[in-house]
Amino acid sequence: MNSGLPEDLKAEFHQLSEWAHTLPEKFGGCVNVRLVDAASIEGFFKSLIRRFWRYPAFAVEGQRYVGSDFTRVDALISQALRQKEDESRVRPTAPTSN
């Protein structure tokens, strides 16, 4: 945090951090967050692959969102969790031999 970032980026990082700390309460252990610095080599390549040109940017199970409206990211997470739950209920069980 004290790395000489401009004040607006410090504030944005603080908001992101505050939101990330609310995820366990909202979603339990079902969500993993991976923060990637867009200025790093990894971040550069991930930005190219996912076609993110602005930040903060989020990818949730293939769905993308760019912006600081964390309620939209929460909605993407909820949607992805519902889809996984629905898929697990719909999967046919293996036939049993008689």
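The values are calculated or read from the model by the stated rules, or taken from the named source; none is laboratory data. What you see is a predicted model, and the numbers here were worked out from it, not measured in a lab. FYI the Cβ positions are ideal-geometry reconstructions off the backbone, even for glycines, and counts take in every protein chain you see. The area values use the complete protein model at the heavy-atom level, side chains included, leaving out ligands, DNA and RNA. Shrake-Rupley method; radii C 1.70, N 1.55, O 1.52, S 1.80 Å.
Kindly indicate which of 51, 72, 34 is open to solvent by 50 Å² or more (accessible area, probe 1.4 Å) and more than 19 Å from residue 15 (Cβ to Cβ). Only one candidate passes the filter, namely 51. Just one of (1) more than 21 Å from residue 11 (Cα to Cα); (2) part of a helix (DSSP H, G or I); (3) of a type outside the set (Gly, Ala, Ser); (4) open to solvent by 100 Å² or more (accessible area, probe 1.4 Å) fails for residue 64. It is (2). The condition of being surrounded by 10 or more Cβ atoms within 10 Å (Cβ to Cβ), over 13 Å from the mean Cα position of the chain (by Cα) and not charged (D, E, K, R) holds for residue 44. Against the conditions (1) open to solvent by less than 50 Å² (accessible area, probe 1.4 Å); (2) within 29 Å of residue 87 (Cα to Cα), residue 17 satisfies every one except (2). For residue 39, the conditions (1) open to solvent by 100 Å² or more (accessible area, probe 1.4 Å); (2) at pLDDT below 90; (3) within 18 Å of residue 9 (Cβ to Cβ) all hold with the exception of (1).
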